[in-house]
Amino acid sequence: RKGFRLTFIKESGSLEEKIGTILKDADTDKVNKALPNKSQNSNMTFIYFLNLTEAGSEDIDILPNGLAFFSVGLKCPGLHSFAPDKPGGILMMDLKEENPRALELRISRGFNLASFNPHGISTFIDNDNTVYLFVVNHPEFKNTVEIFKFEEEENSLLHLKTIKHELLPSVNDIIAVGPAHFYATNDHYFSDPFLKYLETYLNLHWTNVVYYSPDEVKVVAEGFDSANGINISPDKKYIYVADILAHEIHVLEKHPNMNLTQLKVLKLDTLVDNLSIDPSSGDILVGCHPNGQKLFVYDPNNPPSSEVLRIQNILSEKPTVTTVYANNGSVLQGSSVASVYDRKLLIGTLYHRALYCQL
């Protein structure tokens, strides 16, 4: 299997100077030999373009042991794709390795790989250390949630269950809170494409958050313009929801009965997509779209930009918002997620590359 495509970036203040591309689609060992010594280049951030991700990497989730999962190959009506005929998949990368590689996980027989169209993902570790992977799936542009068991020794996923429900008509993202329990966002109230368009045009604010368990399924928060990314605080007390069209992040308190009540709303000057939590600090990392129109009206000469924000102390009166990464589309197009582990940053996109950055 080929390694990575690698480009390194030299940062100067708020500007980024693209130095060059080394050994496109080359063997990783050759790439490492071509790299300058990092200790002699303290102002360099090495950025690897992950192989197999030209179809996008819409969502990323990282386990506490450094294993990162990528949701790849999302296709939606009206959304550009560089690989329209390639089915989706799940990649994995071990961030503890010195030169990590992205590997495609094998999925158990009986699961329909040809129609696999993964969107938001979330992991859950049970009391017996079993790792479950929850995947929002859009087979033939429908809506399901797939639950897999991760089998690390085989680098594979065992499909356990497909979930469909009338309260999950347009699922976008998911956060697992049990082995068969999760919160999910609906980015539209309707599932029909024309009604979705009408809903957005009329600005109905009908999207919501749903709690699912084998015993109970209910709407626990509603009134969003378009509920998108979702995550949970490290202490499990709060749920964070990104409202992409409203440019907002909502903080909701989680109650013992799994209901949610809104505590506050943070307004931002960008379209907010997926949310990740920095395990070392509890900060929220946000994949953002500075110009949403460019995402859907794709022009290779004027591609969509990328932006990653870090939000510190979101529960305080004045949270701190800083820019972690920004690019005009020359390097990375349409950033949708950013996840960090031990000063290693992964940035995924709707339909472009994924970046691995050693901070």
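The values are calculated or read from the model by the stated rules, or taken from the named source; none is laboratory data. Quick caveat: nothing in here was measured; it's all calculated off a predicted structure. We place every Cβ from the backbone using ideal geometry, glycine too, and count neighbours over all the protein chains shown. In case anyone asks, the SASA skips ligands and DNA or RNA and just uses the protein heavy atoms, side chains included. Shrake-Rupley method; radii C 1.70, N 1.55, O 1.52, S 1.80 Å.
Tabulated values for the structure
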{"quantity": "Enumeration of residues in region 198-219 that are more than 27 Å from residue 161 (Cβ to Cβ) and in a loop (DSSP other than H, G, I, E, B)", "calculated": "203, 204, 205, 206"}
{"quantity": "Test: residue 255 is in contact with a helix residue (DSSP H, G or I) (Cβ under 7 Å, 6 or more places away or on another chain) and either of a type outside the set (Gly, Ala, Ser) or touching a residue at least 24 places away in the same chain (Cβ under 8 Å) (or both)", "calculated": "no"}
{"quantity": "Members of region 161-183 that are assigned to a strand (DSSP E or B), open to solvent by less than 20 Å² (accessible area, probe 1.4 Å) and in contact with a Ser or Thr (Cβ under 8 Å, 6 or more places away or on another chain)", "calculated": "163, 171, 172, 173, 174, 175, 176, 178, 182"}
{"quantity": "Hits in region 98-136 - residues which are among the polar types (S, T, N, Q) and under 16 Å from residue 175 (Cβ atoms)", "calculated": "122, 123"}
{"quantity": "Where residue 133 falls short, out of the listed (1) over 21 Å from residue 259 (Cα atoms); (2) hydrophobic (A, V, I, L, M, F, W, C); (3) in a strand (DSSP E or B); (4) without any contact (Cβ under 8 Å) to a residue 60 or more places away in the chain", "calculated": "(4)"}
{"quantity": "Sole exception among (1) open to solvent by 70 Å² or more (accessible area, probe 1.4 Å); (2) part of a loop (DSSP other than H, G, I, E, B) for residue 222, by number", "calculated": "(2)"}
{"quantity": "Residue 285 part of a strand (DSSP E or B), hydrophobic (A, V, I, L, M, F, W, C) and surrounded by 19 or more Cβ atoms within 10 Å (Cβ to Cβ)", "calculated": "yes"}
{"quantity": "Criterion (polar (S, T, N, Q) and touching a Lys or Arg at 6+ places or on another chain (Cβ under 7 Å)) met by exactly one of 322, 349", "calculated": "322"}
{"quantity": "Flag for residue 217 being in contact with a Leu (Cβ under 6 Å, 6 or more places away or on another chain) and crowded, with 18+ Cβ neighbours inside 10 Å", "calculated": "no"}
{"quantity": "Complete set of residues in region 340-355 that are open to solvent by less than 10 Å² (accessible area, probe 1.4 Å), touching a Gly at 6+ places or on another chain (Cβ under 9 Å) and not in a loop (DSSP other than H, G, I, E, B)", "calculated": "347, 348, 349, 355"}
{"quantity": "Test: residue in region 291-309 that is in a strand (DSSP E or B), aliphatic (A, V, I, L, M) and in contact (Cβ under 8 Å) with a residue 60 or more places away in the chain", "calculated": "no"}
{"quantity": "Conditions (1) open to solvent by 20 Å² or more (accessible area, probe 1.4 Å); (2) modelled with pLDDT under 95; (3) out of contact with any helix residue (DSSP H, G or I) (no Cβ under 9 Å at 6 or more places or on another chain): number failed by residue 292", "calculated": "(1)"}
{"quantity": "Candidates 320, 270, filtered to the one that is out of contact with any helix residue (DSSP H, G or I) (no Cβ under 7 Å at 6 or more places or on another chain), more than 30 Å from residue 211 (Cβ to Cβ), surrounded by fewer than 22 Cβ atoms within 10 Å (Cβ to Cβ) and at pLDDT 95 or above", "calculated": "320"}
{"quantity": "Region 57-103, residues that are open to solvent by 10 Å² or more (accessible area, probe 1.4 Å), within 18 Å of residue 279 (Cβ to Cβ) and in a loop (DSSP other than H, G, I, E, B)", "calculated": "64, 65, 96"}
{"quantity": "Residue in region 239-267 that is most open to solvent (accessible area, probe 1.4 Å), counting only those that are within 16 Å of residue 207 (Cβ to Cβ) and among the charged types (D, E, K, R)", "calculated": "248"}
{"quantity": "Residues within region 124-136 that are over 21 Å from the mean Cα position of the chain (by Cα) and open to solvent by less than 60 Å² (accessible area, probe 1.4 Å), tallied", "calculated": "2"}
{"quantity": "Matching residues in region 113-123 - criterion: being surrounded by 20 or more Cβ atoms within 10 Å (Cβ to Cβ) and over 13 Å from the mean Cα position of the chain (by Cα)", "calculated": "117"}
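Condition check ((1) more than 27 Å from residue 259 (Cβ to Cβ); (2) surrounded by fewer than 24 Cβ atoms within 10 Å (Cβ to Cβ); (3) touching a Lys or Arg at 6+ places or on another chain (Cβ under 9 Å)) across all residues:
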| site | (1), (2), (3) |
| --- | --- |
| 107 | yes, yes, no |
| 111 | yes, yes, no |
| 138 | yes, yes, yes |
| 143 | no, yes, yes |
| 159 | yes, yes, yes |
| 185 | no, no, no |
